[in-house]
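The structure appears right after this line, and notes come after that.
Only the coordinates and a few stated rules stand behind these numbers; no lab work does. All of these numbers come straight from a predicted model, not from anything done at the bench. Glycine also receives a Cβ, built like all others from the backbone with ideal geometry; neighbour counts cover every protein chain displayed.
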Amino acid sequence: MAMGSTAEHPDYGLPEGYTHVYSGKVRDLYTTPDDRLLFVASDRISAFDWVLPTEIPDKGRILTAMSLWWFDRLDDIVPNHVISARVPAAVERRAIICSRLDMFPIECVARGYLAGSALVEYRKSLSICGLNIPPGFKEGQQLPKILFTPATKAAQGAHDENITFDETLAIIGQDEAQSLRRLTLLIYERAEQISADRGLILADTKLEFGARPDGTIVLADEVLTPDSSRFWPADKWEPGHPQPSFDKQFVRDWLTSPESGWDRESGEAPPPLPDEVVEKTRAKYIDAYELLTGKRFV
């Protein structure tokens, strides 16, 4: 599948009346017979803006279960887009029925630790999204305070780009930008505490919001999964180098290793993942789910 293509999508064997409207890198969206939306999490995995040719078994079910678990723990902060988890048998446990929203064209990112694109930007400018950070911070170190670091939603096949809060104001307006910043930070603070109670560090997370016709802001898409967040084991945290994680960093590391034979700058699609990488990646997703929820993934 091409990066974020809408031209191809899996045949889930859905009943008549479900119409495909969009496929992202990982998710597929359908209209339902009663004109709501069916939000399906596939087993696809992406890295470096490519959808990889190898799927991770059960990944969609794990992400859906995690998102539903988190939505329940955040609904006193912000409403969410979930209407029901009762879906056609063909997509059972990997899909939800959700409400239609006018999505904000902004990725809302909260960061408590220095990692990822924030680390790259900090090393270049001692700032992150226009926010100055003192010199001397190490990779993986806790930041002086939780940062709201928005990004634009890139066109298919392109990179999201970090932007300043002033640029966010220009894109969506002052009231909405301030509301999204406030909600993003509140969600991160809640999730950080829940994660800490389970022996995990929530380094950062990406959130998406939309608006109902009456203007109510709603939390949408997935939330606080290994696809959208960095979770680190607290007992192994050691700033100064990459941290062990429960996300797809394991896949990224293999792709950039000599073993894969892939040149990230070549413009060629990544190779299939070996069975060992698939199995270990699946295990990391399951570990994250079980550590956070206290439930066994069956």
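Each of Gln141, Leu183, Ile172 was placed along the dipole of the range 104-248 (beta-carbon charges, centred on the mean Cα), and the one lying farthest toward the positive end is Gln141. If a spin label sat at a point 7 angstrom from the Cα of Glu92 along the line to its beta carbon, the backbone N atoms of the range 25-59 nearer than 20 Å would be those of 33, 38-43, 57-59. Here each label is just a point 7 Å from Cα along the line to Cβ, and for Arg198 and Asp34 those points are 3.1 nm apart.
Distance between the 7 Å Cα→Cβ label points at Glu189 and Leu126: 2.9 nm. For Cys98, Cys108, the sequence from fewest to most other C-beta atoms within 10 Å is Cys98, Cys108. Here r is the Cβ-Cβ distance between Ala85 and Lys236 and R0 is 22 Å; the resulting FRET efficiency, rounded to 0.05, is 0.05.
Highest mean first, how do 278-291, 249-262 rank when packing is the count of other Cβ atoms within 10 Å averaged over residues? Don't skip to the end; give the middle numbers.
Working: 278-291: 18.1, 249-262: 15.5.
My ranking of the peptides, most packed first, is 278-291, 249-262.
Going by a ≥ b ≥ c, the root eigenvalues of the Cα gyration tensor, does the chain fall in the rounded group (a/c under 1.5), the prolate group (a/b larger than b/c) or the oblate group? Rounded, because the longest to shortest axis ratio a/c is under 1.5.
Take every Cα pair under 8 Å whose residues are at least 6 apart in sequence, average their separation, divide by the length of the range 19-98, and the relative contact order is 27 percent. Straightening the chain between Asp275 and Asp102 buys 58.3 nm, computed as 0.36 nm per residue apart minus the Cα-Cα spacing.
Order these peptides, 200-209, 187-196, by their mean beta-carbon neighbour count within 10 angstrom, highest first.
Details: 200-209: 23.5, 187-196: 18.3.
Going by the mean number of other Cβ atoms within 10 Å, highest first, we get 200-209, 187-196.
Using the Cβ-Cβ distance between Thr256 and Val21 with R0 = 22 Å, the FRET efficiency computed as 1/(1 + (r/R0)^6) comes to roughly 0.05. Under a 5 Å amide H cut-off, with hydrogens placed 1.01 Å from N, Glu161 pairs with Thr152, Ala154 among residues at least 5 apart or on other chains.
For the chain, what's the relative contact order in percent, using C-alpha pairs closer than 8 Å and at least 6 residues apart? Each step should come with its number before you reach the end.
Details: 537 pairs, mean separation 54.5, N = 298.
Averaging sequence separation for qualifying contacts and normalising by length gives 18 percent for the chain.
Given Cα pairs under 8 Å that are at least 6 residues apart, what percent is the relative contact order of the range 104-248? It would help to have the intermediate numbers written out before the result.
Numbers: 238 pairs, mean separation 38.5, N = 145.
Normalised by residue count, the contact order of the range 104-248 is 27 percent.
A protection proxy built from the mean count of other Cβ atoms within 10 Å ranks the segments 137-144, 65-72, most packed first, as 65-72, 137-144. Helix content alone sets the calculated 222 nm mean residue ellipticity of the chain: runs of n ≥ 4 DSSP H residues at -39500 (n - 2.57) each, divided across all residues, give -9000 deg cm²/dmol.
Listed cross-link partners Lys153/Lys284; Lys138/Lys248; Lys25/Lys284; Lys145/Lys248; Lys59/Lys124; Lys138/Lys295 are compared with a 30 Å cut-off, the Cα-Cα value being larger for Lys59/Lys124; Lys138/Lys295.
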